[in-house]
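Structure first, commentary second.
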Amino acid sequence: MKTTRKFYALLLTFSLLLTVFQLAGLTAFAADGDTGVAGEFQYTVLDEEKKTCSITKYTGQMLYLYIPEELNGYTVVEIGDSAFFRAFSIIEVEIPYTVTHIGNSVFTDCAALEAIQVAKDNPAYISQDGILFNKDKTELIRYPEEKEGESYSIPDSVTTIADDAFFGCDRLKDISIPSGLERIGAGAFILCYSLDSVHIPESVTEIGFQAFSSCSLLREFEVAQGNAFYTSQDGVLFNKDKTVLIRYPEAKADQTYCIPESVITVEASAFSGNQFLSTVTIPDGVTTLGASAFHGDSALTSIVLPESVTDLGAYAFFGCRALTSVTLSNGITALEVSTFGRCTSLTGIRLPNHLQSIGERTFDGCRALKHVTVPNTVKSIGDFAFENCDALTSIVIPQSVTDLGHEIFFYCEAQTIYGFTGSAAQAYADQYNIPFVGVGSLSDSPAYSVSVLADGDKVTVTVSLSGNANAADGDFALQYDNSKLDFVTTHAKADWVFIEPRAQEDAVYLNFSNAPAIAEDTVLWEIEFRRTGSATIGAEDFSVLDYAIFNASSELTAYGDSASAPILFSCTHAQTAEEIRKQPTHAEPGETATVCTVCSKTLKTNSIPKLESTNTPETDVPDNTKPNSGTPVPVPEIPKTGDTQIFSNVGALFVLCTVAGTLLYAENKKRKDN
């Protein structure tokens, strides 16, 4: 019994000692770069020998906050980037004399902040009228968001306005910029809703990224004539040679705007937030539309991207609720995240001929979008690409698409996928229990080549079939750029090729039947066009789409890549035997294609049945969070504390101590009872 009590006592002593050592490790055994927590502050050790640290995060709710000079024995010499980001409660804050470095965006989005004070003996910083500057007042670091007053004159000593310096200062209507200012930081005036106009002096050499985004009442920019780096035209801000359009004022009330022909790049968020523009003309020569370029332009109804555009940024047209018509450049190879997200009036879109990828949520929330034909150059479609497309009834996915993301059609209840039997599209439809219509086998897929010969205004296009001897019959369309070309006629180049000079809008109908064994590069047609301008014409201006439908009046009514059969239109007529006329030459195996004699719309009455899925559909709920303005707000990462494991160990040892103590108490009580 005595041995048992001794064992329990030793166990308790050992556990308590280990706990003490673990707690001591919070400070005594810290090293450079270690993290810690002291009350409402998180910090990182900068120098263990000198006992200095940097505040990385504030989690408290104080209204009037004095930043401590010391945390757990470490002198606070630095306030890290975004350390007080979204500290909504703080009305006034004081910085101690020990702080000699303040990071970027430290007090961004502190919505109640009225004043920033600095200890008088601080060697690096100073406060004037509640505004934070560096010591010699050459840099204005932060103007408090809730500071009283509608106007402010920046001191003449200031040469730099820091990043986010006036972020969210929505009371300010007028800001006077001194003649010696050189730099305006990134996001410097973001969310200054009341700002009416901006005068940029000739001394300014740098304007940071999205410096004037989300200034909803801003009507014009005025740049001093002598400025060597920037200029303004009709109130719009450009770089000096007008190759970059930087910012179109959100409150500029014109309904139409023609971008100058000198422009090559439209910067990120350049037109974002404008509520007046219905039409913007983009000249040939523009190559880049930056991220969120037209984000939230609620009056924009149509847009045409010239063939020179090759780079279209994420969220470029996000939230353009009135947008009904979009013409994309064939030079675009990728559609980025949410490019057309929440374009709720967009009913259809023709995708570029050389498109290779459709990004995540590209068409999220396009609730009027009815049909999409994916070009046969596309290889991947990203997660939730067509999420919340309520009206989407059909989508053509060619055999080239092999990478299909998670829940592409999330909350799309009525769509059907059309594609090749045995393709990734069919496997995807199977997995997610989506109706699938096969329009041929992968082994039946022909291959084409297009060559172009231009002679003055006459342009001759030769279409050759180099692919598959199994493709014995076909109805096809040659799609062309009708902004550059007018169709003239077609010429058959083989006796088994039909001459079908039918053209509509931007495609020519072509047909062949009962082909012999097809030799490589067999020429099928020559198609003649007339050039309408001086633009260079090449093979990239054409695309062979290997399915076409025409009605009883010999009009091309539908065409697409590999499987535009889904564009086989439906109608509301009774469809009695008298009203339906069969078109067996346009039927796929196992299907009957028909035409309504009342409205001449082509129908399909007997489609290939969908294969039953043996897989369980994915049920993950996506993150529907989207930015609500053209301005990306910096969200700092909450630092991970190195003390987490220490506290875990302390907890375990505490339990061990409790158990040992309980056992020792029980043993002693037992001894006394006996």
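The values are calculated or read from the model by the stated rules, or taken from the named source; none is laboratory data. Keep in mind that this is a model prediction, so the values were computed, not measured. Methodologically, a virtual Cβ is constructed for each residue, glycine included, from the backbone with ideal geometry; neighbour enumeration extends over all protein chains shown. Calculation scope for accessible area: heavy atoms of the full protein, side chains included, ligands and nucleic acids excluded. Shrake-Rupley method; radii C 1.70, N 1.55, O 1.52, S 1.80 Å.
Summary of values
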read-out	value
Filtered residue count, the range 382-404, keeping only those that are open to solvent by 10 Å² or more (accessible area, probe 1.4 Å) and either more than 27 Å from Ala322 (Cα to Cα) or of a type in the set (A, V, I, L, M, F, W, C) (or both)	7
Only one of Glu114, Glu150, Glu145, Glu139 that is charged (D, E, K, R) and over 30 Å from Glu202 (Cα atoms)	Glu114
First in the range 141-152 and closer than 16 Å to Glu94 by Cα, second anywhere and of a type in the set (Phe, Trp, Tyr), Cβ under 6 Å, 6 or more apart	Arg142/Phe107; Tyr143/Phe166
Selection count where residues are open to solvent by less than 40 Å² (accessible area, probe 1.4 Å) and either aliphatic (A, V, I, L, M) or not in a loop (DSSP other than H, G, I, E, B) (or both), scope the range 52-76	12
Any hit, the range 293-304, residues being within 17 Å of Glu267 (Cα to Cα), of a type in the set (A, V, I, L, M, F, W, C) and open to solvent by 10 Å² or more (accessible area, probe 1.4 Å)	no
Residue within the range 110-133 that is crowded, with 17+ Cβ neighbours inside 10 Å, hydroxyl-bearing (Ser, Thr, Tyr) and part of a loop (DSSP other than H, G, I, E, B) present	no
Number of positions in the range 240-265 that are closer than 25 Å to Ser194 by Cα, in contact with a strand residue (DSSP E or B) (Cβ under 9 Å, 6 or more places away or on another chain) and surrounded by 18 or more Cβ atoms within 10 Å (Cβ to Cβ)	8
Residue within the range 308-326 that is of a type outside the set (Ser, Thr, Tyr), open to solvent by 20 Å² or more (accessible area, probe 1.4 Å) and over 28 Å from Ser216 (Cβ atoms) present	no
Selected residue (criterion: nearest to Ser345 (Cα to Cα)) from residues of the range 405-418 that are hydrophobic (A, V, I, L, M, F, W, C) and buried (at least 19 other Cβ atoms within 10 Å of the Cβ)	Cys412
Only one of Val309, Val326, Val337 that is among the hydrophobic types (A, V, I, L, M, F, W, C), out of contact with any Ser or Thr (no Cβ under 6 Å at 6 or more places or on another chain), assigned to a loop (DSSP other than H, G, I, E, B) and more than 22 Å from Ala211 (Cβ to Cβ)	Val337
Residue pairs meeting the criteria (Cβ under 7 Å; at least 6 apart or on separate chains; first touching a residue at least 12 places away in the same chain (Cβ under 8 Å) and farther than 23 Å from Asp390 by Cα, in the range 413-430; second polar (S, T, N, Q) and open to solvent by less than 10 Å² (accessible area, probe 1.4 Å))	Phe420/Ser562
Residue match in the range 291-306 (condition: of a type in the set (Ser, Thr, Tyr) and more than 19 Å from Arg342 (Cα to Cα))	no
Within the range 27-51, considering residues that are open to solvent by 40 Å² or more (accessible area, probe 1.4 Å) and aliphatic (A, V, I, L, M), the one modelled with the lowest pLDDT	Ala28
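For (1) open to solvent by less than 10 Å² (accessible area, probe 1.4 Å); (2) polar (S, T, N, Q), each residue gets a yes or a no:
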{"site": "Thr333", "(1), (2)": "no, yes"}
{"site": "Val337", "(1), (2)": "no, no"}
{"site": "Phe340", "(1), (2)": "yes, no"}
{"site": "Gly348", "(1), (2)": "no, no"}
{"site": "Pro352", "(1), (2)": "yes, no"}
{"site": "Ile358", "(1), (2)": "yes, no"}
{"site": "Thr362", "(1), (2)": "yes, yes"}
{"site": "Thr373", "(1), (2)": "no, yes"}
{"site": "Ser380", "(1), (2)": "no, yes"}
